[in-house]
Amino acid sequence: MLEELKEKVWQANLELPKHNLVTFTWGNASAIDREKGLFVIKPSGVPYEELKPEDMVVIDLEGNKVEGDLNPSSDTPTHVVLYREFETLGGIVHTHSTWATSWAQAGRDIPCYGTTHADYIYGPIPCVRNLTKEEIDEAYETNTGALIAEHFHSHNLDPDAVPGVLCKNHGVFTWGKSADKAVYNAVVFEECAKMAALTEMINPEVVPAPQELQDKHYYRKHGANAYYGQAPRK
């Protein structure tokens, strides 16, 4: 079942250590087949170097295991909520990458200080609040997804324009149209987090880039009249 998607998710998971986004087994990637209402995710606690495509686990949008011999990632309920809440998501990545997680542990949004950030993310990378004790005790991973969704809905954030989030004192979730795009965005988030931290070290009085510059760089790549890159070849 979903053999092609399993292969893609397996490859996406292998990309995480290649880009220094995970240590040991501190992360996971998934991707969804919207027509079937099923997604594929990494099994829990299996070292990346031991993973095989057939180890990937198939889950439905109620969180039930449909296929797989291994237990799915412990973050599976978070992925379930995000896929249900945001219909444009095709893939999700969770990491504890060093620089982005440092911002999460500090409980801070990552400001847009320059055009590298603005090219990929519209506005700051948000950091959501801590879960309450009750939310943690009741259904920690499910409530993590619910908190992310609530934050995006209440702040009118577009998950396509802001393709990820920081969870306070926890780590990073990114997403995209596919698993490999979610990995790509995880790399972008880590680099933006690193540059923002170094920028504040160099100039503690720094302020975000002018909005008109942020808009120019975001919309020249993602707007209705985007002109960055090459037209598709016929």
If each residue of separation counts as 0.36 nm, what is the full-extension length gain between Leu61 and Leu198 once their alpha-carbon separation is subtracted?
45.3 nm
Can you list the HN-Hα couplings for the range 146-162, worked out from phi with the Karplus curve (6.51, -1.76, 1.60; θ = phi - 60°), rounded to whole Hz and with x for Gly and Pro?
4, 5, 4, 4, 4, 5, 5, 5, 6, 9, 6, 8, 8, x, 7, 8, 10
On a full-extension model of 0.36 nm per residue, what is the gain between Glu150 and Leu14, subtracting their alpha-carbon distance, rounded to one decimal in nm?
45.9 nm
Which value in deg cm²/dmol, rounded to the nearest 500, describes the helix-derived mean residue ellipticity at 222 nm for the chain, given -39,500 (n - 2.57) per DSSP H run of n ≥ 4 and division by the residue count?
-13500 deg cm²/dmol
Can you pull the percent of the range 104-219's accessible area that's carbon plus sulfur, 1.4 Å probe, other chains left in place?
55 percent
Could you tell me the relative contact order of the chain? Use alpha-carbon pairs under 8 Å, at least six residues apart, and round to a whole percent.
22 percent
If the chain between Asp109 and Tyr227 were fully extended at 0.36 nm per residue, the gain over the current Cα-Cα distance would be 39.6 nm
Counting only protein heavy atoms and a 1.4 Å probe, tell me what percentage of the range 19-102's accessible area is made up of carbon and sulfur.
45 percent
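The values are calculated or read from the model by the stated rules, or taken from the named source; none is laboratory data. Quick caveat: nothing in here was measured; it's all calculated off a predicted structure. All accessible areas refer to the heavy atoms of the entire protein, side chains included, with ligands and DNA or RNA removed. Shrake-Rupley method; radii C 1.70, N 1.55, O 1.52, S 1.80 Å.
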